[in-house]
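The values are calculated or read from the model by the stated rules, or taken from the named source; none is laboratory data. The model shown is predicted, which means the values in this text are computed figures rather than measured ones. For accessibility, only protein heavy atoms count, side chains too; no ligands or nucleic acids. Shrake-Rupley method; radii C 1.70, N 1.55, O 1.52, S 1.80 Å.
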Amino acid sequence: MTSFKEATREALEFLRSYSNVGTLATIDAEGRPHASPVYFVMGEEFDFFFLTTQGTHKARNIRENEKVAFSVGTGPEYICVMIQGKAVLTDTAEQNQILPIISESLEKSKAFNIPIRKLDDLKSQNLVLYKVVPEKVTFLNINSTQEPKSNADYLYHLLD
């Protein structure tokens, strides 16, 4: 069984090496959930950043309720990280730090048609950069060829 420290390292490594696309869930003013894919960049620990424009469902929902959930996963190994936290607008210092990282990530990306590649177009639509501050992080790692006796043996609550 993996130790807490090893699980934390594996979860962060997974998030940093993944394709930088995850699913963000927000809640609208009537309490209905809304999920959408986002391109993200990891911060120091389990905090992460994503860009969107002011008019998207997720931006409108975050203005009403900053609570979000986020999930990144892959198969067939059944590895995923689930984060619950709050989305906050970044300040100028964080924007100056993170936007070059996003630009560098885009340069390395082989996907030329992804919406975030059109940063200049997005800027004219009031582009905003959010930071998600984690409150709860769960890591599931069933990277095994054998069916586990219990998923609980592979589920780690890294931040609760």
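For the range 2-90, the solvent-accessible area of protein heavy atoms averages 52 Å² per residue (probe radius 1.4 Å; ligands and nucleic acids excluded).
Just the protein heavy atoms count here, and of the accessible area of the range 1-40 at 1.4 Å, carbon and sulfur take up 56 percent.
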